[in-house]
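The structure under discussion appears below in the form of structure tokens.
Values quoted throughout were computed directly from the atomic coordinates according to the rules given, and no laboratory measurement underlies them. Keep in mind it's a predicted model, so treat the numbers as computed, not measured. Methodologically, a virtual Cβ is constructed for each residue, glycine included, from the backbone with ideal geometry; neighbour enumeration extends over all protein chains shown.
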Amino acid sequence: MIIRTLLCFSLLALTACGGPEPSADVPTARPAEASDADIGSHVVHFSAQTTDQLPLEIAQAYQIQRSPERAMVNISVIRKSDNAAVTAAITVKTRNLTQQLKNVKLRPITEQDAIYYIGETRVANRETLIFEISVQPEGVDRPSEIRFQRQFYTD
């Protein structure tokens, strides 16, 4: 009973505090977005981030320019039967919300048993990119299509 009273009091106190002015520029909270896709006998893992988030050593090792105005997409394909990374034919079409195409050329990176496909492009503050990925793992007859989007903040 005491805990419930304290929770109610806390809620009332918080609502009385007000909030930002209506003109304040506050991003809306959203649930976490997917970062993998099941495509039958394989799982495709994907991510997109600005390259300034990469550790300096990693960026230098893979010749990636670190910048808040550069986005990087990272894709890997894992075979479900043995959880092994596999090579795949992968293409990415990237565009923003105004349908401007962004050039992203993927290059493979092999690190011990891992295989990553990475590509970079320039982004503006608050720009949302839509990534359309075509993935055809080795030994699979047809490609699978994956689509995701991310918004980038450069400020």
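So here's what we get for this one:
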| item | result |
| --- | --- |
| Exposure proxy order (Cβ contacts within 10 Å, fewest to most) of 117, 62 | 62, 117 |
| Inter-probe distance in nm under a simple model that places probes 7 Å from Cα toward Cβ, at residue 105 and residue 41 | 3.2 nm |
| Cα Rg over Rh - the range 44-95, Kirkwood | 1.05 |
| At R0 = 30 Å, FRET efficiency that the Cβ-Cβ distance of residue 87 and residue 52 yields, to 0.05 | 0.55 |
| Where labels lie 7 Å past Cα in the beta-carbon direction, separation of residue 153 and residue 79 in nm | 4.2 nm |
| The range 32-152: C-alpha pair distances exceeding 17 Å, % | 56 percent |
| Cα-projected label distance for residue 134 with residue 34, points at 7 Å along beta-carbon direction, nm | 2.0 nm |
| Partner lysines for residue 93 [C-alpha distance under 18 Å; skip if fewer than 8 residues away on the same chain] | 102, 105 |
